[in-house]
Each structure stands twice: as structure tokens, then as C-alpha cells.
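The values are calculated or read from the model by the stated rules, or taken from the named source; none is laboratory data. The structure displayed is predicted, hence computed values, not measured ones. Neighbour counts run over all protein chains shown; Cβ positions are idealised from the backbone, glycine included.
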Amino acid sequence: MIQPLIFTEQRLLPRTLDSLLTIVAWLGFGWLIFSGLINAIEHDPLMGTRPFYTTLLTLRIYLLVAGLIVLALVGWAKYNQLRFRIERRKRRPGLEQHEVAASFNITSELALMMSQAQVFTLAHYDTGAIDRVWMAKILANVQSE
Amino acid sequence: MTDRLIAFLILCLMFSFPLGVAVVFTGEVILDFVFFWPLFMSALWISGGIYFWFHRERHWPWGPGTPPPVLAGNPLISILVPCFNEGVNARETIEAALAQRYENIEVIAINDGSIDNTAAVLEQLASEYSRLRVIHLAENQGKAVALQAGAAAARSDFLVCIDGDALLDKDAAAYMVAPLLNHPRVGAVTGNPRIRTRSTLIGRVQVGEFSSIIGLIKRTQRVYGQVFTVSGVIAAFRRRALAEVGYWSPDMITEDIDISWKLQLRHWSIFFEPRALCWILMPETLKGLWKQRLRWAQGGAEVFIVNMRRLWGWEYRRMWPLFLEFCMSTAWAFAYAVSIVLFLIGRLIPMPDSLYVQHLFPPAFTGLMLGVVCLVQFAVSLFIERRYEKGIAASLFWVIWFPVVYWMLSLFTTLVAFPKVMLRRKRSRARWVSPDRGIGRLKP
């Protein structure tokens with residue numbers, strides 16, 4: 001059965017309801033912005049400092065803190081680029097068969113059997129450690145060797 | 001015993017600290033933290049995303065004509081696909097994995113004791129495709145043990161692990177392995193999951209979330225140098241690195257967070273590769289989303305409890321900011337909860353003035369800032385991610401929901417998961433808990 005890559009709602013009613021709800025949410029957000037701006041601009045000058053100026057000051061503080069965050073992150077990134085510009089580690093080779101076996105606490109024969117099988121069943125102990133294998137089919141390229 | 005005692009004390013601290021701050025200062029101080037933490041985290045993620053794009057991503061070729069990355073020495077790649085009851089999805093997942101343009105691959109499907117027709121589907125596929133190998137586990141063991149079985153059987157040291165319902169993009173495997181080949185200290189690479197399920201609001205909101213929160217967080221953490229977690233749905237590993245840390249832990253509820261911390265504590269780096277696309281199914285109901293996010297939150301809390309005592313050596317200093325971020329995010333949830341309690345009590349009985357919380361939602365200007373910053377965050381992520389998915393800008397319409405959904409989910413899942421993990425006696429084997437994977441796959 002071929003599935004579409006993206007699953008979308010095809011029915012009209014749920015799509016319309018979702019869209020309406022989302023439009024209401026956008027209107028609410030628009031009102032929040034509008035009331036915030038109106039509050040900052042419309043103000044009787046006789047009542048003291050205009051909120052517009054205190055708002056501007058608050059905004060400056062926010063921008064300053066954001067600027068400090070950016071500086072810290074970029075500074076740290078640049079430091080690391082300098083610190084690790086020369087790679088001192090060498091790539092270690094992949095695990096050998098006996099290393100794979102040792103890392104799973106199984107025998108090399110068992111590890112070899114698992115790597116050569118195309119289809120097999122695997123039993124585990126209660127701890128989750130590998131117990132034994134029932135081979136069903138080995139890989140074609142192993143058969144031909 | 002000591003761990004349990006410390007966990008209990010931390011839990012008490014999480015509840016009492018915000019209350020203490022309210023008593024010593026005012027309830028408004030807690031609310032300031034509640035409003036400013038998301039605001040400044042957004043600033044961090046936006047700047048991290050822009051820096052990653054400017055410094056690295058924009059130089060990377062991408063587009064229909066771009067050839068697959070060349071891997072020096074043409075090494076074999078083993079793609080591991082653990083499957084539990086994936087009879088419906090197995091064929092398309094396996095065929096997408098086998099359709100890689102990089103040809104030297106083997107795909108290993110691990111049937112973890114499924115009770116549906118997964119075994120039969122995989123057997124049929126194995127008879128059709130010689131590069132597919134199938135491991136049947138005699139009993140259901142959980143994802144970590146299934147992945148271990150795949151790693152033990154793999155003929156390559158480069159393991160690309162995907163979920164049984166995830167579709168790999170045609171060049172994803174090669175993109176994932178390239179950093180493992182080119183950088184000796186990279187132990188794992190995390191890919192770029194893209195959401196397929198967009199039938200409901202919940203599904204569509206997650207499209208925005210994966211781009212504008214998860215994508216930017218991954219980029220920021222990569223810029224910082226340490227990653228909180230690989231995406232379990234698409235991650236590549238160097239088997240030598242896995243062997244050094246004892247592979248995936250069978251008793252951790254989220255094996256991906258656990259393995260990320262284990263590798264980085266052994267000084268293996270984790271890279272983020274946004275070009276390694278993987279199309280995934282996500283929950284499309286609130287119940288499904290809640291179950292999934294609760295599991296993620298529990299996974300974070302488990303990593304916290306496992307590492308809280310051993311993390312303080314100087315050699316682990318690079319993990320401290322990640323740990324601090326987790327602590328602050330948890331504290332944020334508890335601070336908000338305490339604010340809600342104070343707000344409600346204040347409506348019912350008289351309290352000292354300092355303890356009164358006047359409002360639970362940001363006042364006009366702060367609310368305005370939070371909303372605008374969220375939109376800026378989404379716009380930045382669209383700008384960065386538009387190359388990976390055509391028409392993603394259309395999801396801007398639905399994004400209005402995501403700040404509320406994301407932060408509210410964070411709040412409630414933390415409040416439930418953190419105490420649950422802190423008070424638990426002993427961890428048991430983690431088994432599969434699959435939430436719904438889209439409306440189309442829900443049983444009637």
C-alpha cells in the first residue's frame with residue numbers, strides 16, 4: 001500500500017473549524033499587540049513619564065540582555081573553533097569481531113554467526129543479555145564463499 | 001538509598017524554592033522568572049540558529065541536483081530498524097531505507113517480539129531484498145535491547161538507527177555517516193525529523209514546533225558543543241563509541257537521551273546534520289501527544305537523577321550548562337505552578353501583600369514581547385529550514401498555537417514526570433509505549 005508522504009485533513013468541516021479557531025487566535029494576538037502599543041503611546045502628559053519612554057527603556061534592557069546572550073554563545077563557539085582547529089585525535093578503526101563479541105559478552109563464534117545470518121531468531125536472558133541464536137538463513141555472499 | 005534521599009530533597013526544593021522567593025521577595029519576582037525564562041531562551045535559540053546557519057549551513061550544497069555526499073573508502077553502513085507491531089509501516093520504512101542513493105548499505109530489521117504480522121511482512125521483504133537482514137527476538141525486550149541486537153549483528157561500525165515507522169530520505173544515511181568518518185571525536189550524529197501527520201491542529205502545531213523549537217535548539221546546542229539528546233527516530237552512531245559506554249541502557253525510558261549523555265560524558269561529540277531528513281509519524285490527538293511528551297519528560301528526569309552526583313568532576317564541566325538548563329526549565333515549571341497556587345489562594349483568602357499574584361498571564365508589554373519573540377523565532381527557523389521542505393511557510397498560519405501548546409505541555413509534563421521519577425523506588429525494563437501515530441493509523 002503506497003502512502004502519501006504528508007497526511008492532511010481532506011474533509012471540509014474540520015478544516016474550516018480549525019481555520020476559524022486559528023483566525024480567532026490571531027485576532028487575539030493582534031489585540032494584544034494593539035493594546036500594548038496603545039497603552040505605550042496614548043497617555044496624558046500631565047500624569048508623569050509617558051509609558052512610551054519607560055517601554056523604550058525596558059526594550060533597551062531586553063535587547064541588552066539578548067546581546068549579552070549572543071556574545072556569550074558566539075564567544076564560546078569561536079573559542080572552541082580556535083581550541084580544536086587542529087584535530088589531535090586519530091580515527092580509531094571499527095570494532096574487530098572479537099571486540100564486538102567481548103562488548104556483548106558473547107563468544108566470537110556467536111558473534112560471527114550473527115554477522116553472517118540474513119534471517120535468525122535471538123533469545124535473551126532476563127537481564128537483556130544475548131543468550132543464543134537460531135539461524136534460519138545465511139547471507140548469500142557468505143554462502144558463496 | 002542515598003540517591004533516593006537526594007532525589008526527595010531536590011523534589012522538596014523544587015516546590016519550596018519558589019515559595020521561599022515569594023516570601024522573601026514577592027510573588028511578582030517568581031512571575032518575572034516565569035515570563036523572562038522563555039523570553040531569553042528564545043533569544044538564545046534564535047542567535048544559535050542564525051550563527052549555525054551563517055557559519056556552517058549556508059555553505060552546504062543542497063537541492064535536487066546535489067549529488068549524494070562522497071564517503072571516503074566507500075564504507076558499509078548498517079541501518080538498524082527496531083520494529084514492534086509495525087506490520088502496517090514496515091514495508092514503506094524498509095523500502096525507503098533500501099532506496100538510499102549510497103549503495104553500500106545493509107538494512108537490519110529487528111522484530112522485537114511483535115504480536116501483529118510484522119514477522120511475516122519482514123520475512124517476505126527479506127525474500128525480496130538481499131540487502132535486508134531480519135532478526136526476530138524470541139520475546140519482546142524493548143527498544144534498547146532490540147538496538148543492541150542489531151548492533152551485535154551489524155557488519156559495519158557505522159550504525160544509522162531509525163524507528164520502524166520512519167522514512168529515510170534518499171541521501172540521509174550518507175549524510176549521517178559523513179561526520180563519523182571525517183571527525184574522529186564524533187560518536188553520534190542526530191538527523192532532521194520532518195513530520196508527516198498534519199491532519200489535525202495538534203499535528204500541524206508540531207510542524208512549527210519541530211522547525212522553530214527543536215531545530216533551533218539542536219543548532220544552538222551544536223554551536224555550544226554539547227547536545228541534550230539525539231533524536232531517537234533518526235540517529236547514527238560509531239559502534240566503538242557505543243561499546244565504550246555499554247550501548248543503550250535497557251532500563252531508561254528514553255534510550256536516546258541516556259545514550260547522548262553517556263557518550264558525551266566519555267568525551268565523544270554529537271553532531272547535528274540538518275540535511276539528513278527523515279519523515280516521521282507523530283501523535284495527532286491531545287492524549288497521544290500528552291503520553292509522548294510525558295515519556296520525554298520522564299526521560300529527562302531519569303538522566304537528571306542518574307547523573308546528578310557524578311557530574312561534578314572538572315572533566316565533565318562542558319555538560320554543566322546542559323544540566324543547568326534542565327534544572328532551570330524544571331524550576332520554571334514549578335515556579336509557574338506555585339504562582340498559579342498563590343493566585344488561586346489569593347482569590348479565596350487574605351494573604352500578606354508580598355504573596356499576592358495579580359495575574360497569571362503576562363501583562364500587556366511582556367505578553368507582547370513574548371508573542372513577538374515567538375514569531376521572530378518562527379520566522380528565523382522558516383528562513384533556515386525552507387530549503388529542506390517546500391511550502392513550509394504555509395505552516396506559519398498555524399504557528400499561533402505553538403508557543404502556548406509548547407510551554408503549557410512543558411509545564412504540565414514536568415510537574416507530573418519529575419515527582420514521578422524522583423519518588424520511584426527502582427527503574428524497571430523500559431518496554432515500547434507507542435502513542436498514536438496519526439489519525440489515519442488509529443484503530444476505530
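The table that follows gives values for the structure above.
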{"item": "Residue that is surrounded by the fewest Cβ atoms within 10 Å (Cβ to Cβ) [pool: residues in region B:142-181 that are over 22 Å from B:Arg91 (Cβ atoms) and within 18 Å of the chain's Cα centre (by Cα)]", "result": "B:Ala144"}
{"item": "Counted residues, region B:410-431 - those being in a helix (DSSP H, G or I) and over 22 Å from B:Asn192 (Cα atoms)", "result": "12"}
{"item": "Top-ranked residue in region A:80-98 [being more than 7 Å from chain B (Cβ to nearest Cβ) and over 16 Å from B:Ser269 (Cβ atoms); ranked as farthest from the chain's Cα centre (by Cα)]", "result": "A:His98"}
{"item": "Search result, residues across region A:99-126 that are charged (D, E, K, R) and either more than 33 Å from the chain's Cα centre (by Cα) or assigned to a helix (DSSP H, G or I) (or both)", "result": "A:Glu99, A:Glu109"}
{"item": "Region B:230-243, subset free of Cβ contacts under 8 Å to residues at least 60 places away in the same chain and outside any helix (DSSP H, G or I), residue farthest from B:Ile270 (Cα to Cα)", "result": "B:Ser231"}
{"item": "Scope region B:122-138; condition more than 7 Å from every other protein chain (Cβ to nearest Cβ) and either surrounded by 24 or more Cβ atoms within 10 Å (Cβ to Cβ) or over 20 Å from A:Ala140 (Cα atoms) (or both); matching residues", "result": "B:Leu122"}
{"item": "Residue count for region B:301-338, restricted to those that are small (Gly, Ala, Ser) and in contact with a helix residue (DSSP H, G or I) (Cβ under 6 Å, 6 or more places away or on another chain)", "result": "4"}
{"item": "Only one of B:Ile253, B:Ile270, B:Ile259 that is assigned to a helix (DSSP H, G or I) and within 28 Å of B:Val207 (Cβ to Cβ)", "result": "B:Ile259"}
{"item": "Within region B:308-339, considering residues that are free of Cβ contacts under 8 Å to residues at least 60 places away in the same chain and in a helix (DSSP H, G or I), the one farthest from the chain's Cα centre (by Cα)", "result": "B:Trp314"}
{"item": "Filtered residue count, region B:24-77, keeping only those that are over 30 Å from B:Ala337 (Cβ atoms) and part of a loop (DSSP other than H, G, I, E, B)", "result": "18"}
{"item": "Near pairs, Cβ below 6 angstrom, 6+ apart or cross-chain, from region A:86-100 (within 11 Å of B:Asp157 (Cα to Cα)) to any residue that is basic (Lys, Arg) and at pLDDT below 85", "result": "none"}
{"item": "Flag for A:Tyr62 being facing chain B (nearest Cβ under 8 Å), of a type in the set (Ser, Thr, Tyr), more than 30 Å from A:Ile130 (Cα to Cα) and assigned to a helix (DSSP H, G or I)", "result": "yes"}
{"item": "Verdict on B:Leu242 being surrounded by 22 or more Cβ atoms within 10 Å (Cβ to Cβ), under 30 Å from A:Ala102 (Cβ atoms) and not charged (D, E, K, R)", "result": "yes"}
{"item": "Positions within region B:188-219 being within 11 Å of chain A (Cβ to nearest Cβ), touching a helix residue (DSSP H, G or I) at 6+ places or on another chain (Cβ under 6 Å) and assigned to a strand (DSSP E or B), in sequence order", "result": "B:Ile195, B:Thr197, B:Arg198"}
{"item": "Check on B:Ser339, of a type in the set (Gly, Ala, Ser), more than 30 Å from B:Phe397 (Cα to Cα) and buried (at least 19 other Cβ atoms within 10 Å of the Cβ)", "result": "yes"}
{"item": "Some residue of region B:100-109 being surrounded by fewer than 24 Cβ atoms within 10 Å (Cβ to Cβ), modelled with pLDDT of 95 or more, part of a helix (DSSP H, G or I) and in contact with a strand residue (DSSP E or B) (Cβ under 9 Å, 6 or more places away or on another chain)", "result": "no"}
{"item": "Unique residue being more than 12 Å from every other protein chain (Cβ to nearest Cβ), out of contact with any Cys (no Cβ under 6 Å at 6 or more places or on another chain) and acidic (Asp, Glu) when the list is B:Glu284, B:Glu315", "result": "B:Glu315"}
{"item": "Selection from region B:84-98 of residues that are touching a Leu at 6+ places or on another chain (Cβ under 8 Å) and either part of a loop (DSSP other than H, G, I, E, B) or closer than 22 Å to B:Ala152 by Cβ (or both)", "result": "B:Asn89, B:Ala90, B:Thr93, B:Ile94, B:Ala97, B:Leu98"}
{"item": "Filtered residues of region B:305-338 (kept if of a type in the set (A, V, I, L, M, F, W, C) and within 22 Å of B:Thr26 (Cβ to Cβ))", "result": "B:Met328, B:Ala331, B:Trp332, B:Ala333, B:Phe334, B:Ala335, B:Ala337, B:Val338"}
{"item": "The listed residue being surrounded by 13 or more Cβ atoms within 10 Å (Cβ to Cβ), more than 8 Å from chain B (Cβ to nearest Cβ) and under 26 Å from B:Val223 (Cβ atoms), out of A:Ala72, A:Ala77, A:Ala129, A:Ala101", "result": "A:Ala72"}
{"item": "Filter result for B:Gly48 (at pLDDT 90 or above, out of contact with any strand residue (DSSP E or B) (no Cβ under 7 Å at 6 or more places or on another chain) and either under 17 Å from A:Val65 (Cβ atoms) or surrounded by 16 or more Cβ atoms within 10 Å (Cβ to Cβ) (or both))", "result": "yes"}
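Yes or no, residue by residue, for (1) touching a residue at least 40 places away in the same chain (Cβ under 8 Å); (2) more than 13 Å from B:Ala333 (Cβ to Cβ); (3) touching a Pro at 6+ places or on another chain (Cβ under 9 Å); (4) of a type in the set (Lys, Arg):
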| residue | (1), (2), (3), (4) |
| --- | --- |
| B:Lys390 | no, yes, no, yes |
| B:Ser395 | yes, yes, no, no |
| B:Val399 | yes, yes, no, no |
| B:Thr414 | yes, no, no, no |
| B:Phe418 | yes, no, no, no |
| B:Val421 | yes, yes, no, no |
| B:Arg424 | no, yes, no, yes |
| B:Ala430 | yes, yes, yes, no |
